[in-house]
Amino acid sequence: MQPTPEDELPEAATRRLTGGAWSSGLSVADFASCLDMGMQPVGYVQGYAVMQWSWYMATGGFGMGMGRGFGTMGGGWAGTPQRRGQYVEQWQCPHGFVSAEHRMYGANYELTWLEESWATGWGLAIERMIDEAKELGATGVVGVVDTMRPLVGGSTEEFRASGTAVVVPDAPHLATPFSTYLSGQRLAKLIEAGFAPVSVVATMSAVRMLGYCITHYQLAGSTVGTWYGSGAGGVSGVGPVDQVNRAEAAARSLAREHVRAQLGSDILHGATLQRAEREIGEGDLSIQCTLKGTRVRRFKDFDPLPDAAPVVRLT
């Protein structure tokens, strides 16, 4: 079957991969370790994607003025995102009155559109990297590095993925090459322990926090207990900021849930969790957690690898 234009690599990628010389993104030590495991590097492969990125799109009706005269609807606040399985937590002013500057309502809610946009951009970059590895007839891609950064003033984000494609001569043919963040001795130890890499896995969770009055007072360092009394929802000068704590915990929990959904019966190895926070406005935060690792699967019991043979022998 002849490949369709959609199946073909970009012209620049084809020219790079068929230029006659192969390249590698591995260090000398990792390169030597891969050779010792029987992995033959055949080329440096890359993937790239650009996604539109706006912090105010698809926010379900919430805005900068949320909480100032914001009404209720059907037992919840008008504009609260309603999506099956979406994390939403609402907060209500305990003071019982409204003023021009009083934040009567607040909410923490999952930014599902942002999570899906991130997953699409990251997934496209990885998929295109794997496509290049297929073009080289690779068994897998080791030493994967992926990045995300703003492009063109921050309205778009670019996703990049790269790694070294390797061939394992005695390995069975894989319809999709494996991929792993590991390389060198770390990869050797994984295989020695009886686990084989399946694919890189990553997910991003995002929670928006729109503060209600108590959260605003706490973030500003105000003591309002003397104004309204503890029975009217006052806060002391020292204490936990519950709404922020709940948003932070939710972001971490969601990231773990998203990864578990991708793993099935496999295991996540070498997990790293990165947290970022963006202040969109006063009392308006977006908290993101990115969880990455290598999906691995047991294929044998622990079996120590033979001692490495020296690459260069000094006489």
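So what is the relative contact order for segment 121-180, in percent, with contacts set as C-alpha pairs under 8 Å and at least six apart? Mind dumping the intermediate values first?
Details: 89 pairs, mean separation 25.7, N = 60.
Normalised by residue count, the contact order of segment 121-180 is 43 percent.
Amide hydrogen proximity for residue 283: with H placed 1.01 Å from N in the peptide plane, no residue at 5 or more positions away or on another chain lies under 5 Å. Plainly put, segment 164-205 has a radius of gyration that is 0.99 times its Kirkwood radius, both from alpha-carbon atoms, as the Rg/Rh ratio.
Go ahead and run the numbers for FRET between residue 170 and residue 89, Cβ-Cβ distance against an R0 of 35 Å, rounding to 0.05. Mind showing how you got there, number by number?
On the way: r = 53 Å, r/R0 = 1.52.
E(calc), rounded to 0.05, equals 0.05.
The residues packed around residue 157, meaning those with a beta-carbon under 14 Å from its beta-carbon, carry a net charge of -1 if Lys and Arg are +1 and Asp and Glu are -1.
Throughout, read-outs are computed from the coordinates displayed, never taken from laboratory work. Just so it is clear, the model here is predicted, and its values are computed rather than measured. Here Cβ is always computed from backbone atoms with ideal geometry, including for glycine, and neighbour counts include all displayed protein chains.
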